[in-house]
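The values are calculated or read from the model by the stated rules, or taken from the named source; none is laboratory data. As the structure is a prediction and not an experimental result, all values here were calculated from the model. FYI the Cβ positions are ideal-geometry reconstructions off the backbone, even for glycines, and counts take in every protein chain you see. Just so you know, the surface numbers come from the protein's heavy atoms only, side chains and all, with ligands and any DNA or RNA stripped out. Shrake-Rupley method; radii C 1.70, N 1.55, O 1.52, S 1.80 Å.
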Amino acid sequence: MLLPRVFQLSKRRLSALRSVRAGAARSTFSSRSASSLSAKIVGPRKQVLRASVLTATSASAALLLYSLLDPVPGAIEASDVMLHNQVDDCWIVLDGEVYDVTNFLQMHPGGVGRIMEVAGGDATRKFYSVHSGSTLDKMKDQLVHVGKLKGKFTEVISEEEIRISEQRKKLPPLSRIFNLSDFESIAREILPRSTFAYYATGASDEFSIRENHYAYGRVFFRPKVLQDIAYDVDTSTEFLGAKVNLPVYISAFAGSKMAHPLAELNLQAAAEKANVMQMVPKQSSYSIEEFFEHVPDNQNHWYQYHFDDVEQLNNVGILIKELESQPTVKGLFLNVDLRDIGNREKDTRQRSVDTTTSKDLSSIVTKNMSYAKFTWKDVDKIMASTQLPIALKGIQRGEDVVSAAERGVKAVVLSNHGGRQLDFSRPPLEVLAEAKQMLKEKGLEDKIEIYLDGGVRRGSDVVKALCMGAKGVGLGRPFLYAMAGYGEPGITHLLEILEGEIKNNMRLLGVERISDLNESLVDVNSLKFRNPRANDVLYDEGYMSLRFPEFK
Ligand code: GLV
């Protein structure tokens, strides 16, 4: 529902403004208000003013101008703000204050485009839909304050936008975020409903998405006490030969930009600082060149790809060349679980009722996507064409892990796509136990690295998977949720929480290094007993329930 206009620009001033824009004669103006006088000057002599005053350091010049002309120094009419809507002359209003952001434009982490959407207008609502109040405080040094807003703006604000901007203002500080589910609960309140539904959706009745997590609750520890271990345990390991500081990686997911304007670059920056592996998604907000341009040579990346059509499969050589030329790319992870798109019912239902679904979301994964036929033969061909390690993402049974190992595939990700593809595909932790057993029987245990993703919310989940033979664990949604609330600092905080939990678990298990984690430290006897289960309160609260249709 759209609310009534909050600010109205008077008809007289609107037509005056139009005349100014059209370069009409001064006589159009009869108002003696200081700001309309300024508009008079800006109008006919706009070029002169721009060149001589506004473009250089527009704010101080504007302040001088207003202090000369305005009986209330610094008070600026909305109509005047509206004149400054160009890249070389850009004002915006935030919380009733007018700022000249001409110079700040190029520095804006979210790009020039985002500010230009609100150039010459009131940016308050848009600002708070992605930033918190403390971001504004930090930014203020870089903005040039022109004065207070005096006039009125025409704005149409949806209830949803008001809800988000109000919630953003009350965002708890990061110091009150203690676990990964906390991020999820925050994201649920501050993201547009359609965005959250897209992130949160599983397939159909969502058994897999929930089981992915609950499976971890069915594994218990068998700690060794009285061990001679240092307090400073070491969480570093190697992923396909690349040294990383944590046995977790940032998984690939579409739609980061809906969580934060800096999207995958937030993840990149936090991953670099923590020396954590980042899997860069095909559906990134940046092209490969744009993304890797920001990346230092000593960082570690994996690249995730899937084939939308036969042409992409036929042209995989071009992609591989491009990736081979990026020194930080240490592996190509190909999705093998996309013969069709899963029935993302929660997402589809929300999109069907939500008139505010963003452009970003409409262009992302939708119900009607079809993908190329992609077979083991293609995998063999691709592997034969490159030295770049090839890995398969989306393996869901032990036999396929064996098959991959026999062919020389370097790694697999046991994954049901975060429960978004085939509902009732088993939790990856169960598949891990099965795969390890099958590999052992064939003597292939050391031939392939096994990763898994889906449902991981605690350091203990990571440690359990490692004890059971995984090399590392990927997380997706938690990073989106952290970035939605807090941008890069949120991602860093998430990684610190995980690191703290993993270290704490290692100490209490009696191990000092990742290589010391083994199956003797876990009891997996209940792994296959899917019911009954103890409730995991945080996870269940974060979980967004499926719904029935709503009455109009
Ligand atoms: C994309 O792969 C998605 O799961 O939305």
query = What net charge do the residues around Ala270 carry, taking every other residue with its C-beta under 13 Å from that of Ala270, with Lys and Arg at +1 and Asp and Glu at -1?
reply = -4
task = With a 1.4 Å probe and every protein chain kept in, tell me what percent of the accessible surface of the stretch 76-156 is carbon plus sulfur.
result = 52 percent
key: Cα→Cβ-extended label distance, 7 Å offset, between Arg547 and Tyr231, nm   = 5.0 nm
ask   = For the stretch 379-396, what does the Karplus curve 6.51 cos²θ - 1.76 cosθ + 1.60, with θ = phi - 60°, yield as ³J(HN,Hα) per residue in whole Hz, taken in order and with x for Gly and Pro?
value = 4, 4, 4, 4, 4, 5, 8, 8, 8, 4, x, 9, 10, 10, 10, x, 7, 10
task = Report, in degrees rounded to the nearest 10, the 0 to 90 angle that the Cα long axis of helix 428-442 makes with the longest principal axis of the chain.
result = 40 degrees
ask   = Hey, got the dipole for the stretch 120-202? About the Cα centre, +1 on K and R Cβ, -1 on D and E Cβ, debye to the nearest 20?
value = 300 debye
query = Using 7 Å Cα-to-Cβ label points, what is the Thr366/Ile318 separation (nm, one decimal)?
reply = 2.4 nm
note = Yeah, the chain with a ≥ b ≥ c from its alpha-carbon gyration tensor (a/c under 1.5 is rounded, else prolate when a/b outruns b/c, oblate otherwise) is prolate
remark   = For the pair Asp540 and Gln86, the simple spin-label estimate (label points 7 Å beyond Cα toward Cβ) gives in nm 6.2 nm
key: Reach of Lys447 by Cα under 18 Å, taken over aspartates and glutamates that are not fewer than 8 positions away in the same chain   = Glu238, Asp380, Glu399, Asp400, Glu406, Glu434
ask   = Which whole-Hz couplings ³J(HN,Hα) result when phi for each residue of the stretch 340-350 is put into the Karplus expression 6.51 cos²θ - 1.76 cosθ + 1.60, θ = phi - 60°, listed in order with x for Gly and Pro?
value = 8, 8, x, 7, 7, 5, 4, 5, 4, 5, 4
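Of the beta bridges DSSP finds with both residues in the stretch 176-542, what % are antiparallel, to the nearest 5? Present the calculation step by step, with values, prior to reporting the outcome.
Values: 6 of 34 bridges.
The answer is about 20 percent antiparallel.
Cα gyration tensor of the stretch 352-499, axes a ≥ b ≥ c as square roots of the eigenvalues: rounded (a/c below 1.5), prolate (a/b > b/c) or oblate? Numbers along the way, then the final one.
Details: a/c = 1.98, a/b = 1.33, b/c = 1.49.
It comes out oblate by the Cα gyration axes.
Quick one: if the Förster radius is 30 Å, what FRET efficiency do Ser158 and Gln106 give, using the C-beta to C-beta distance and rounding to 0.05?
Result of the calculation: an efficiency of 0.50.
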inquiry  = Compute the angle between helix 207-217 and the longest alpha-carbon principal axis of the chain, please, reported from 0 to 90 degrees and rounded to the nearest 10.
reply    = 60 degrees
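Of the accessible area of the stretch 174-255, with the probe set at 1.4 angstrom, what percent is carbon plus sulfur? Working shown, then result.
Values: 1730 of 3390 Å².
In the stretch 174-255, the share of accessible area belonging to carbon and sulfur is 51 percent.
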Rounded FRET efficiency, nearest 0.05, which uses the C-beta distance separating Lys138 from Ser358 and R0 of 22 Å = 0.25
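With runs of 4+ DSSP H residues as the only contributors, calculate the mean residue ellipticity of the chain at 222 nm using -39,500 (n - 2.57) per run, divided by the residue total and rounded to the nearest 500.
Numbers: 25 runs with 234 residues, N = 552.
Counting only the DSSP helices, I get -12000 deg cm²/dmol.
Mind scanning Lys273/Lys321; Lys377/Lys528; Lys257/Lys471; Lys273/Lys503; Lys321/Lys381; Lys170/Lys367 and naming the pairs with a C-alpha gap bigger than 23 Å? Could you put the intermediate results ahead of the total?
Working: Lys273/Lys321 28 Å; Lys377/Lys528 33 Å; Lys257/Lys471 29 Å; Lys273/Lys503 18 Å; Lys321/Lys381 15 Å; Lys170/Lys367 35 Å.
Lys273/Lys321; Lys377/Lys528; Lys257/Lys471; Lys170/Lys367, as the Cα separations exceed 23 Å there.
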note = Sorted by accessible surface (1.4 Å probe, heavy atoms of the protein chains only), largest first, Glu161, Glu441, Glu166 come out as Glu441, Glu166, Glu161
